[in-house]
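For reference, the structure discussed in these notes is given below.
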Amino acid sequence: MIDKPVMLIAGGSGSIGSATAREALAQGWAVALHGNTSAKLAALEKELGANGTVEGFQCNVFAPDAATSLVAEVAERFGRIDAVVDCVASGVPGITGLFQDTDPASFTPFYDVTAGWLLRLSHAAYPHLKVRGGTIISFIADAGIFAAPHQTGTGPSRAACVGFIRNLSREAARDKIRANVISVSYVEGSDIVQQLGPKRMETARRRAGLGLPYPSDIAPTVVFLCSDKAAKVTGQVISINGGLNA
């Protein structure tokens, strides 16, 4: 068994996940980095390995047993799991846009890979987290807490994640497990920026009085919430958006 706390970052090969991994490694964590693409994981593992203990774990979150197998592999490799950070941001074609333009066939798959995935991941990790009193962090989009056009198909699934984490936090406190949500909107340098286009990004930049956050602005809050310094913080939703929403 490894002699340092272990953070499993699901969706860790993305921009926010990899920034969180860097911050966690700097603060003495060992990191289990999950991603869907083995080549991208291998490159990150090589890059981050000089900073501490990090290992990549590849699986497709759309597979029914993905959460169970991922947690089992990490626990077998490290002998412990102390924090689970869910940064998975998989989409489904036909879920975005005005509600009447969305495809009803996408509704169930999208909920399954967002709220359903979070429930399965948390359920699989729970026995490991209760050993020492660990932490679950769910990332959501601001659409889960702030209403906006074009988010009617996606927002409710993010709100479901909030409802799950807040209810779970009340139960899990009995086992010294904490559960919190981090909500984000437009993030500079993130993977999704490429899909939004320059016009939407410029509008968001004008509205964010503090400036839109970068992944490196978000990562310290994640690691803080997983640390002993946040031992009494649970059931909370923290939005990091530079003042874009409040």
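One line per residue, one yes/no per condition, for (1) hydrophobic (A, V, I, L, M, F, W, C); (2) assigned to a helix (DSSP H, G or I):
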site: MET7; (1), (2): yes, no
site: SER13; (1), (2): no, no
site: GLY17; (1), (2): no, yes
site: LEU33; (1), (2): yes, no
site: LEU48; (1), (2): yes, yes
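Within the stretch 83-121, how many residues turn out to be among the acidic types (Asp, Glu) and within 23 Å of PHE57 (Cβ to Cβ)?
Initial filter on the stretch 83-121 (among the acidic types (Asp, Glu)): 86, 101, 103, 112.
Filter once more, so that each one left must be within 23 Å of PHE57 (Cβ to Cβ): 86, 112.
Number satisfying all stated conditions: 2.
Scan the stretch 205-228 and tell me whether some residue there is more than 21 Å from the chain's Cα centre (by Cα) and of a type in the set (A, V, I, L, M). Let's see the steps before the verdict.
Here is the first cut: in the stretch 205-228, the residues more than 21 Å from the chain's Cα centre (by Cα) are 205-211.
If we keep only those that are of a type in the set (A, V, I, L, M) as well, we get 208, 210.
Yes, that holds for at least one residue.
Residue-by-condition table, conditions (1) in contact (Cβ under 8 Å) with a residue 24 or more places away in the chain; (2) polar (S, T, N, Q); (3) surrounded by fewer than 19 Cβ atoms within 10 Å (Cβ to Cβ):
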site	(1), (2), (3)
ALA10	yes, no, no
SER38	no, yes, yes
LEU48	yes, no, no
VAL54	yes, no, no
LEU70	yes, no, no
SER90	yes, yes, yes
ASP101	no, no, yes
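Looking at (1) of a type outside the set (Asp, Glu); (2) touching a helix residue (DSSP H, G or I) at 6+ places or on another chain (Cβ under 9 Å); (3) at pLDDT below 95, which is the only condition ALA10 fails?
(3)
Every residue, every condition in (1) at positive phi; (2) surrounded by 15 or more Cβ atoms within 10 Å (Cβ to Cβ), yes or no:
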| site | (1), (2) |
| --- | --- |
| LYS199 | no, no |
| GLU202 | no, no |
| TYR214 | no, yes |
| ILE218 | no, yes |
| VAL223 | no, yes |
| ILE240 | no, yes |
| GLY243 | yes, no |
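One line per residue, one yes/no per condition, for (1) surrounded by 16 or more Cβ atoms within 10 Å (Cβ to Cβ); (2) touching a residue at least 40 places away in the same chain (Cβ under 8 Å); (3) in a helix (DSSP H, G or I):
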| site | (1), (2), (3) |
| --- | --- |
| ALA105 | no, no, yes |
| THR114 | yes, yes, yes |
| LEU121 | yes, yes, yes |
| VAL131 | no, yes, no |
| PHE139 | yes, yes, no |
| ALA148 | no, no, no |
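Let me confirm something: among PHE110, PHE62, which residue is out of contact with any His (no Cβ under 8 Å at 6 or more places or on another chain), assigned to a loop (DSSP other than H, G, I, E, B) and not small (Gly, Ala, Ser)?
On the way: PHE110 fails: assigned to a loop (DSSP other than H, G, I, E, B).
The conditions single out PHE62.
Just to be sure, is VAL184 buried (at least 22 other Cβ atoms within 10 Å of the Cβ) and either on the phi > 0 side of the Ramachandran plot or touching a strand residue (DSSP E or B) at 6+ places or on another chain (Cβ under 7 Å) (or both)?
Working: buried (at least 22 other Cβ atoms within 10 Å of the Cβ): yes; either on the phi > 0 side of the Ramachandran plot or touching a strand residue (DSSP E or B) at 6+ places or on another chain (Cβ under 7 Å) (or both): yes.
So VAL184 passes the test.
When you look at ASN167, is it under 16 Å from SER122 (Cβ atoms), free of Cβ contacts under 8 Å to residues at least 12 places away in the same chain and of a type outside the set (Gly, Ala, Ser), yes or no? Steps first, please.
Working: under 16 Å from SER122 (Cβ atoms): yes; free of Cβ contacts under 8 Å to residues at least 12 places away in the same chain: yes; of a type outside the set (Gly, Ala, Ser): yes.
Spelling it out, ASN167 is indeed under 16 Å from SER122 (Cβ atoms), free of Cβ contacts under 8 Å to residues at least 12 places away in the same chain and of a type outside the set (Gly, Ala, Ser).
In the stretch 170-198, which residues are of a type outside the set (A, V, I, L, M), at pLDDT 80 or above and farther than 18 Å from ASN245 by Cα?
Narrowing the stretch 170-198 to residues of a type outside the set (A, V, I, L, M): 170-171, 174-176, 178, 180, 183, 185-186, 188-191, 194-195, 197-198.
From what's left, at pLDDT 80 or above: 170-171, 174-176, 178, 180, 183, 185-186, 188-189.
Selection gives ARG170, GLU171, ARG174, ASP175, LYS176, ARG178, ASN180, GLY189.
Scan the stretch 72-88 for residues that are surrounded by fewer than 16 Cβ atoms within 10 Å (Cβ to Cβ) and touching a residue at least 24 places away in the same chain (Cβ under 8 Å) and report the count. Explain how you work it out, then say what you get.
Applying the first criterion (surrounded by fewer than 16 Cβ atoms within 10 Å (Cβ to Cβ)) to the stretch 72-88 yields 72, 76-77, 79.
Still in the list and also touching a residue at least 24 places away in the same chain (Cβ under 8 Å): 72, 77, 79.
Residues that pass the stated criteria total 3.
Given the criteria among the aromatic types (Phe, Trp, Tyr) and buried (at least 22 other Cβ atoms within 10 Å of the Cβ), does PHE110 qualify?
On the way: among the aromatic types (Phe, Trp, Tyr): yes; buried (at least 22 other Cβ atoms within 10 Å of the Cβ): yes.
For PHE110, the condition - among the aromatic types (Phe, Trp, Tyr) and buried (at least 22 other Cβ atoms within 10 Å of the Cβ) - is met.
The values are calculated or read from the model by the stated rules, or taken from the named source; none is laboratory data. As the structure is a prediction and not an experimental result, all values here were calculated from the model. Counting neighbours? That spans all protein chains shown, and the Cβs are built from the backbone with ideal geometry, glycine included.
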